[in-house]
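Data block below; observations after.
The values are calculated or read from the model by the stated rules, or taken from the named source; none is laboratory data. The structure displayed is predicted, hence computed values, not measured ones. In this analysis, Cβ positions are derived from the backbone assuming ideal geometry, glycine residues included, and neighbour counts consider all displayed protein chains. With ligands, DNA and RNA removed, areas are computed over all heavy atoms of the protein, side chains included. Shrake-Rupley method; radii C 1.70, N 1.55, O 1.52, S 1.80 Å.
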Amino acid sequence: LQVLIDEGRVGAYIIQVCKDQFCLSYIIYGVTAGDNSDQAAAITCDILTHVLDDAEMQEEGPVIIGGDLNASISRLPSLENAIRNDGWIDLGACASVFGKLDNQSTCKANKDARSTRKDYAIVNRRAFDLIEDSNIDTESKLHTHDVLQIPLSKLHPSTKLIMFGCPRAFKRSS
């Protein structure tokens, strides 16, 4: 995983939810064109495998995996398996739990492109239980991407939330 962090494909962060509650967070920038390129999808799938393996090695607790995967989940077998068999939850696919639209688009490469859903937030059950809401900020002014917002319900008022950073590769593409 450290190699992927050094290459700028993955960021690993800790969010302090309240005094004694922390949430492990990974931000991934997948290889571009994963829906059209088997090689790109395979590399992103391998990145996800490393992240999922790392999360499994940590102490049990809330985990959020988010980012621009540049592919549909169906092109990423490691993620598809984690959702189907290992209890991971795709927040965008179940946004209706929070009164939002399921599977809402998050990306638009340019003004003439069709909107797609390539940005994801995948959480384990412990993180899901902390989530107060899930929202997509379409007014964020980020080039190409909307921002996934995930307020955590147990946030103590005096605790500063450590904001997600972006992997270096993601910053270069924006």
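Laid out as a table, the results:
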item: Cα-centre dipole for the chain with unit charges at Cβ (Lys and Arg positive, Asp and Glu negative), debye to 20; result: 580 debye
item: Note, ³J(HN,Hα) from phi for the stretch 115-121, Karplus 6.51, -1.76, 1.60, rounded to Hz, x at Gly and Pro; result: 5, 9, 10, 10, 9, 9, 10
item: Taking the C-alpha atoms of the stretch 95-139, convex hull volume expressed per residue in Å³; result: 83 Å³
item: Inter-label distance for ASP112 and TYR13, nm, one decimal - labels placed 7 Å from Cα along Cα-to-Cβ; result: 3.5 nm
item: GLN58 paired with SER37, simple spin-label distance in nm, labels 7 Å along Cα-to-beta-carbon; result: 2.9 nm
item: Solvent exposure ordering (accessible area, 1.4 Å, most first) of LEU148, LEU142, LEU48; result: LEU142, LEU148, LEU48
item: Largest-first ellipsoid semi-axes for the chain, taking √(5λ) over the Cα gyration tensor eigenvalues, angstrom; result: 23, 19, 16
item: Computed over the chain: relative contact order in percent, which uses C-alpha pairs under 8 Å that are six or more apart; result: 26 percent
item: Computed helical MRE - 222 nm, the chain, DSSP H runs ≥ 4 contributing -39500 (n - 2.57), nearest 500; result: -7500 deg cm²/dmol
item: Angstrom value of the Kirkwood radius, inverse mean 1/r, which spans all Cα pairs in the stretch 17-106; result: 14.1 Å
item: Accessible surface ranking that places the most exposed of CYS18, CYS23 first, with a 1.4 angstrom probe; result: CYS18, CYS23
item: At q = 0.11, 0.23 Å⁻¹, base-10 log of I(q)/I(0) for the stretch 58-143 (Debye sum, equal scatterers on each alpha carbon); result: -0.32, -1.26
item: Two-site FRET efficiency, LYS100 against PHE22, from Cβ-Cβ distance with R₀ of 35 Å, rounded to 0.05; result: 0.85
item: Total formal charge among the other residues, if their Cβ is under 12 angstrom from that of CYS45, Lys/Arg +1 and Asp/Glu -1; result: -2
item: Under 5 Å, built H, 5+ apart or other chain: amide partners of ILE131; result: SER153
item: About the Cα centre, charge dipole magnitude for the stretch 92-146 (Lys/Arg +1, Asp/Glu -1 at Cβ), debye; result: 260 debye
item: Label point at THR138 placed 7 Å out along Cα→Cβ; residues across the stretch 93-124 whose backbone nitrogen lies under 14 Å; result: 100-108, 115-117
